[in-house]
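The values are calculated or read from the model by the stated rules, or taken from the named source; none is laboratory data. Because the structure is a prediction, the values reported are computed rather than measured. Glycine also receives a Cβ, built like all others from the backbone with ideal geometry; neighbour counts cover every protein chain displayed.
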């Protein structure tokens, strides 16, 4: 029987959720025996080469590139998990929502910052750069998400227990007391 | 008909980056750029928040080295609450923070070298991409994988007992720290069950260095000649010139080793450092003001630190430092791949310093917080794993942040990384008819030497995924090549 296939990505997050996944420590050596990885920072697979069983999403949707990647994940993964606050509700980056326009954020960083010397008032603006969205969106506002694992980041044990449940064909149903939101 | 090559995505601080390469009609190098393609706006949206939140919020810039942002923000807030600029904290607070920071640099460097960079060494830059990653290491070099996982775990445990949490902790507060180390926590780390104790960590740090030095002996071409170019170097050093990752003064040297900046108070960083904006990247381009944007760029990080420091204040690392210095006859080391060597020496230094601090009774008792006369502005500077990190805040009479200026470590290395890309392109791609996966990886290896923040998280568990697109001079897509084609 072929192993379950896992894909992961980090959208507008800080990679702390991927770090917390690494905090399962020596169990990572078991994990690489239990599953195969497809599109993920874990390997060199840039575009999906086959349908995956589990897709793990870190980070919210802040630009056109995040949007595109999330849609691709939904199309290619049977189960999608929003991992951590940013994926679930936009997290810290969403502090700009409804408060600061993207123009004011760019102006602050590239024109008004005290260390910046920018006589021509250049803003980063190039065809190579993705478009920034008007606000940071939680993943479930863009695609259907099957499970949510809270925390900033979610604790390693919570991630491990969730993966073990799915690999055994069960629902993710963590005990309430294991939910932490910071 | 010229060509444009896009490498996308390269992962970096705060998300993703990509490389574009332009070649002329004969496939010779014309231009290359490392673009940083994500922007989040922390400087703006943090305005209006209470100052004491900054150490816990701003660290969410980065989940790989959150402790660095946690401490840099806390150091800036120390100044704001009148607790001084580094020497004003209680011994307990300063030592707890230092222990936290050594744990952080230890785990981050281990992650980078063993999980990310070592596959290039063990399997070769043009090795089979199917195994040239941490899973390949786990399957084919199990002993090394176990070592890497347990060393990182040790660093994370040190962070947990000092910051309260492995990622995004809360230990450092304006003016000090919010907990002592308990005797149980101390003993767990000092004499914990094999391999989770500090002596084992020192032993493994030494064997990691031996691994690199042996590799170097057999692969001088790639380690010494890859992306080697002269530059200025900047770091914080202790007042007496010692390597100090937590506090000190700013020093910069030129490529010959002459001091061009020395004994600069970190509060005065703005007098010496400025940043330029270019339209094609969200990452700014810092430089030393007195040399201007064209010539003022510099390197930061482990290599720059060992170049600027006079000595390392721990015996085993000092011995290795002397070998490192002797290799370039005491002159600055300008070889990008020697970042790895410098990083491994710092791993050893961190392990030695953690042992010293764990034995220090000040961690177990004593005052935690210093109070003083409140001001409205503060700068916090730290040597983060990837280099000098600047946090600068102003607050109003209602304790709200009104200004936040951040120059993150990797930003300082913007031009050096662009030069590493250029160097790899010229060495491996320019003038060639066919582009192979190994050539793409060579570009990654050049960037990877600098351990750019967050991309390190991405490679945390592997490699940069790459896609190369070929365009003709009218930007018509000719060919897409990805590593999956292999």
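Of note:
- Listed here are the helices (runs of 4 or more DSSP H) enclosed by the range B:128-199 that have at least 1 residues being over 30 Å from residue A:38 (Cα atoms) and within 12 Å of chain A (Cβ to nearest Cβ): B:142-163.
- Residues located in the range B:61-82, provided they are assigned to a helix (DSSP H, G or I) and modelled with pLDDT under 90: B:61
- Criterion: within 11 Å of chain B (Cβ to nearest Cβ), within 19 Å of the chain's Cα centre (by Cα) and surrounded by fewer than 22 Cβ atoms within 10 Å (Cβ to Cβ) - qualifying residue of A:69, A:136, A:142: A:69
- Residue check, residue B:434 within 13 Å of another protein chain (Cβ to nearest Cβ) and modelled with pLDDT under 90: no
Each row is one residue, and each column tells you yes or no for (1) at pLDDT 95 or above; (2) touching a helix residue (DSSP H, G or I) at 6+ places or on another chain (Cβ under 9 Å); (3) over 18 Å from residue B:350 (Cα atoms).
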residue	(1), (2), (3)
B:274	yes, yes, yes
B:289	yes, yes, yes
B:292	yes, no, yes
B:295	yes, no, yes
B:302	yes, yes, no
B:312	yes, yes, no
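- Considering only residues in the range A:100-117 that are assigned to a helix (DSSP H, G or I), touching a helix residue (DSSP H, G or I) at 6+ places or on another chain (Cβ under 9 Å) and free of Cβ contacts under 8 Å to residues at least 12 places away in the same chain, the one that is surrounded by the most Cβ atoms within 10 Å (Cβ to Cβ) turns out to be A:109.
- Residue in the range A:76-97 that is crowded, with 21+ Cβ neighbours inside 10 Å and at pLDDT below 90 present: no
- Single unsatisfied condition, residue A:37 versus (1) within 9 Å of another protein chain (Cβ to nearest Cβ); (2) buried (at least 24 other Cβ atoms within 10 Å of the Cβ): (2)
- Top-ranked residue of the range B:42-57 - restricted to ones that are at negative phi and in a loop (DSSP other than H, G, I, E, B), ranked as surrounded by the most Cβ atoms within 10 Å (Cβ to Cβ): B:46
Each row is one residue, and each column tells you yes or no for (1) over 22 Å from residue A:41 (Cα atoms); (2) modelled with pLDDT of 95 or more; (3) more than 20 Å from the chain's Cα centre (by Cα).
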site: B:94; (1), (2), (3): yes, yes, yes
site: B:118; (1), (2), (3): no, no, no
site: B:125; (1), (2), (3): no, no, yes
site: B:129; (1), (2), (3): no, no, yes
site: B:137; (1), (2), (3): no, no, yes
site: B:145; (1), (2), (3): no, no, yes
site: B:151; (1), (2), (3): no, yes, no
site: B:160; (1), (2), (3): yes, yes, yes
site: B:171; (1), (2), (3): yes, yes, yes
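- Tally, over the range A:13-29, of residues that are in a loop (DSSP other than H, G, I, E, B), over 21 Å from residue B:70 (Cβ atoms) and more than 7 Å from chain B (Cβ to nearest Cβ): 1
- Of all the listed residues (A:61, A:136), the sole one being closer than 21 Å to residue B:54 by Cβ and in a strand (DSSP E or B) is A:136.
- If you go through the range B:430-440 and keep only what is within 20 Å of residue B:128 (Cβ to Cβ) and not in a helix (DSSP H, G or I), you end up with B:434, B:435, B:436.
- Condition met for residue A:123 (within 12 Å of chain B (Cβ to nearest Cβ) and either in a loop (DSSP other than H, G, I, E, B) or exposed (fewer than 14 other Cβ atoms within 10 Å of the Cβ) (or both)): yes
- There is at least one residue in the range B:405-422 that is part of a strand (DSSP E or B) and under 16 Å from the mean Cα position of the chain (by Cα).
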